[in-house]
Amino acid sequence: MPDTITITDDRTGKKVTVPIIDGVFPATAVRELDPSLYVYDPAFMQTAACKSAITYLDGEAGILRYRGYPIEQLAAKSTYLEVAYLLLNGQLPTPDQLAIWKSEVTRHTFIHENMRKRFVDGFHYDAHPMGMFVSAVAALGTFYNDAKEIEDAASRDKQILRLVAKMPTLASMCYRFSVGLPFVYPDNDLSFPANFLNMMWKIGEYDIDPRLERAMDVLFILHADHEQNCGTTAMRVVGSSHVDPYSSCAAAAAALYGPLHGGANEAVIRMLTEIGSIEHVPAFIEEVKSGKGSRLMGFGHRVYKHYDPRATIVKQTAYDVFEVTGKNPLLDIALKLEEVALSDDYFISRKLYPNVDFYSGLIYQAMGFPVAMFTVLFALPRTVGWLAHWQELLADPDQKISRPRQWYVGPQARDYVPIDAR
Ligand code: CMC
């Protein structure tokens, strides 16, 4: 069987044959047929907008790999900083490379005092931490004039380092402002996750339980990248204009803020709290199925038509965390929801399974994070994924400024009366 596809324009009889490589064929075939012909594909359901060598995702089989490594192995055997290096550089670091990378990240954790005293302190007292975070990431770029020099490899590396290193500081800064606590400076003797936990909670002397430190690191690894999702697409589209990476990351973070994307873990906790007890689960499921109530948050995925492999790891990690914190009382409702949904034809026939957000909120809540911080906890590690895609975009000779076309359905010139004749 030939690995080609032939498209015929029935209006003209013209045919174009193009290769199918890895299940993809170039849309230039359509241009060859007729340059004024476009493909209508809202939400990019059937469109590969780029080539990428970063993350592999097989939604039917429930497989996720970063640079070829299965997510299960990375979550079991690596640290977030190793995974960040892997995503950015294509290979896991050698011990020497890791030592340099760790030391560089550690030396870039501090943020200019004006960011806190003038910028973050200027928010309204009840500002949402994720709203603050989105704006703060964009504002951070204004402190580095070299951020605009995106043609310069050394400058790009510097901005990547700054963004990766400063995200925990920025995240804790937004949180502590939102609850009226004084800022805690980074402690560069601590690991990446321990430093973040310390900046979040330190009130007097804060002892970090190593199990919670490891759980935080695993959650960071699981959220580090997920190929061309809404936030990463925002990063690429905005980055394609060659704006600085802080502005692109802010756009990606804004996309993540939405309840259908990174905001879903927050919505899961609200949903579980509203359900209130396992006796109410069947009625809630019926309401979801009727389409009258909300969706079952934390279920379903555009790409996974199978159990999300990240959800399996998050569920295991939840039990490790509950050993330290005690069980989250919402866990039983979540388990019951999963059991009922996975045996119901509505969810089975639509291939709706738990996604990464279904259990992550339960862990965050048990660790003491307020619900409003959940999306920030997603954005913090995802920053490295956004930056890996940004680097790849800039190096890709096929890429130009993103500029999709539209199917115009508004009035034509012939349909309206000229203004002067009205
Ligand atoms: N609960 C109930 N029904 C659902 C759900 C759900 N969570 N998700 C999809 N459906 C139904 C939907 O109503 C539709 O049914 P029908 O064919 O009868 O009209 C069918 O399944 C297909 O849904 P869709 O909206 O066309 O699917 P999509 O690929 O556009 O949506 C999604 C993907 C994640 C937005 C959606 O599943 C959803 O809204 N889930 C809840 C929110 C959520 O958990 N989001 C986190 C996503 S994972 C983290 C991330 O990547 O950000």
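The values are calculated or read from the model by the stated rules, or taken from the named source; none is laboratory data. This is a predicted model, so every value here is computed, not measured. Heads up, the Cβs are rebuilt from the backbone with ideal geometry, glycines too, and the neighbour counts pull from every protein chain shown. In case anyone asks, the SASA skips ligands and DNA or RNA and just uses the protein heavy atoms, side chains included. Shrake-Rupley method; radii C 1.70, N 1.55, O 1.52, S 1.80 Å.
Here are a few things to note about the model shown:
- Calculated mean residue ellipticity at 222 nm for the chain: -15500 deg cm²/dmol, from DSSP H runs with n ≥ 4 weighted as -39500 (n - 2.57), summed, divided by the residue count and rounded to 500.
- Residue-count net charge about GLU104 - beta-carbon cut-off 15 Å; Lys, Arg +1, Asp, Glu -1: +3
- Over 19 Å (Cα to Cα) - which of LYS166/LYS315; LYS77/LYS315; LYS289/LYS351 fall in this group: LYS166/LYS315
- Seen from SER294, the other residues with C-beta closer than 15 Å to its C-beta sum to a net charge of -1, counting Lys and Arg as +1 and Asp and Glu as -1.
- Helical segments meeting 20 Å axial Cα length and Kyte-Doolittle 0.0 threshold in the chain (DSSP H): 153-178, 374-395
- Förster-model FRET efficiency, 22 Å R0, ARG302 and VAL371, C-beta, rounded to 0.05: 0.35
- Separation of the ASP209 and ALA421 label points, Cα + 7 Å toward Cβ, nm: 7.8 nm
- Sites listed here are GluC sites (Glu not before Pro) in the range 203-303 whose DSSP assignment is loop and whose Cβ has at most 11 other Cβ atoms within 10 Å: GLU205.
- The trypsin sites (Lys or Arg not before Pro) of the range 1-41 meeting both criteria, a DSSP state outside H, G, I, E and B (loop) and at most 10 other C-beta atoms within 10 angstrom of the site's C-beta, are ARG11.
- Charge tally in the Cβ shell below 13 Å around LEU212, where Lys, Arg are +1 and Asp, Glu are -1, LEU212 excluded: -4
- Expressed as a whole percent, the accessible surface of the chain that belongs to carbon and sulfur atoms is 54, based on a 1.4 Å probe.
- Summed over the residues of the chain and divided among them, the accessible surface reaches 50 Å² per residue at a probe radius of 1.4 Å.
- Potential lengthening between THR142 and ALA283 on full extension [0.36 nm per residue; Cα-Cα distance subtracted]: 45.6 nm
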